[in-house]
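Structure first, then comments.
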Amino acid sequence: MSTDDRGTHDHDHDHEHPGTTPDVNETGYYELMAEAMKELLIEKGVVSADDVRRNLEFLDSRDPVDGGRVIAKAWTDPDFKKRLLEDGTAAVGEMGLTMGDAELVVVENTDDVHNMIVCTLCSCYPRTLLGLPPDWYKSKSYRSRAVVEPRAVLREFGTEVPDDMTVRVHDSNADMRYLVLPKQPEGTEDWPAEKLAEIVSRDAMVGVVLPEA
Amino acid sequence: MNQRQHDMGGMDASPVEASAHEAEPWAKMITSLAAAMREYDVMRIDELRRALEDLPPEIYEQDYFERWSEAMVNLLEEKGLLTRDEVMSRMDAIKAKLGS
């Protein structure tokens, strides 16, 4: 039996909970579940309402623009690029960006190698740099196929990688997040970092498309 | 090969559908709730992943944040922080308050 002691809902009896079985609208059901969990955890003092709000604000403030700034800085500052490839976590820290509990590993696209990232086990993603992952990143289609037929998956994003180029797929985990450093598009050599940051899309940093000038 | 449900590398699957669907407010809220618990070391990310991996297949196949919710309830119950019954009756109470 439940340890419910709120007093408003006597729970010392077995009864059906109409509306809480998954036969109702599923979004509504889980929306209620999330709200119920939040209320209970706050009442029990596990977290405070302020903790939840602060984390929500941080989440809402995350955007691929930050990742784009990192890439643009690497393109325009060779010393930063070196540090970024050696220790991604520390390098983005210089820019005031955090990786949370995880390490950042930045992988560089070259003339010979194209990199892409996936999380086959779950949905690990450099979310502090890019925001929440898109649905396709979390889909079975992407998670299962990226590691066995990456070129076919890339083609579904409209990206054709020549046969003589290596495709390297990086499988993320809870402690290690990858970010792709794409090649700087030709003709942008004299662009300022601010303008370069704007052409680096989220998908380019996941490695499923290439940035275009 | 004994490959569990979450370990998806190499499984057969359909083409990738590149939708640009924004996370719903409740999904962001539950993500923030999980992040707040991580700050106090009450619930770690690897524990949540284990709880996700242990879900029955029919739940694991549900929408991403739906399975997160189910896994969180299981994990929090396991930790003695709340019970599924409490969550269920609170859901009823909220629903009644909303008048739906």
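Key figures
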quantity: Options B:Met8, B:Met72, B:Met91, B:Met43; residue that is within 22 Å of A:Met176 (Cβ to Cβ), within 8 Å of chain A (Cβ to nearest Cβ) and buried (at least 18 other Cβ atoms within 10 Å of the Cβ); calculated: B:Met8
quantity: Exclusive hit being part of a helix (DSSP H, G or I) and either hydroxyl-bearing (Ser, Thr, Tyr) or in contact (Cβ under 8 Å) with a residue 12 or more places away in the chain (or both), set A:Leu56, A:Leu85, A:Leu97; calculated: A:Leu85
quantity: Enumeration of residues in segment A:137-158 that are facing chain B (nearest Cβ under 7 Å), outside any helix (DSSP H, G or I) and touching a residue at least 12 places away in the same chain (Cβ under 8 Å); calculated: A:Val147, A:Phe157
quantity: Evaluation of B:Ala13 against (1) more than 10 Å from the chain's Cα centre (by Cα); (2) surrounded by 14 or more Cβ atoms within 10 Å (Cβ to Cβ); (3) more than 7 Å from chain A (Cβ to nearest Cβ); (4) not aromatic (Phe, Trp, Tyr) (one fails), failing number; calculated: (3)
quantity: Meets criteria (within 7 Å of chain A (Cβ to nearest Cβ) and either touching a Phe, Trp or Tyr at 6+ places or on another chain (Cβ under 8 Å) or modelled with pLDDT under 95 (or both)) for B:Arg49; calculated: yes
quantity: Residue within segment A:128-136 that is more than 9 Å from chain B (Cβ to nearest Cβ), on the phi < 0 side of the Ramachandran plot, of a type in the set (Phe, Trp, Tyr) and in contact with a Ser or Thr (Cβ under 9 Å, 6 or more places away or on another chain) present; calculated: no
quantity: Residue, farthest from the other protein chains (Cβ to nearest Cβ), within segment A:169-192, restricted to residues that are exposed (fewer than 15 other Cβ atoms within 10 Å of the Cβ) and among the acidic types (Asp, Glu); calculated: A:Asp190
quantity: Which listed residue, of A:Leu104, A:Leu129, is of a type in the set (A, V, I, L, M) and assigned to a helix (DSSP H, G or I); calculated: A:Leu129
quantity: Segment B:52-64, residues that are surrounded by fewer than 21 Cβ atoms within 10 Å (Cβ to Cβ) and part of a helix (DSSP H, G or I); calculated: B:Glu53, B:Pro57, B:Glu58, B:Ile59, B:Tyr60, B:Tyr64
quantity: Flag if B:Lys97 is of a type in the set (Lys, Arg) and either more than 19 Å from the chain's Cα centre (by Cα) or part of a loop (DSSP other than H, G, I, E, B) (or both); calculated: yes
quantity: Of all residues making up segment A:53-72, the number that are surrounded by fewer than 18 Cβ atoms within 10 Å (Cβ to Cβ), more than 14 Å from chain B (Cβ to nearest Cβ) and over 14 Å from the mean Cα position of the chain (by Cα); calculated: 0
quantity: Criterion: surrounded by fewer than 20 Cβ atoms within 10 Å (Cβ to Cβ) and in contact (Cβ under 8 Å) with a residue 24 or more places away in the chain - qualifying residue of A:Ala197, A:Ala213; calculated: A:Ala213
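The values are calculated or read from the model by the stated rules, or taken from the named source; none is laboratory data. Predicted model, so just to flag it, every value in this text is computed and none were measured. Neighbour counts run over all protein chains shown; Cβ positions are idealised from the backbone, glycine included.
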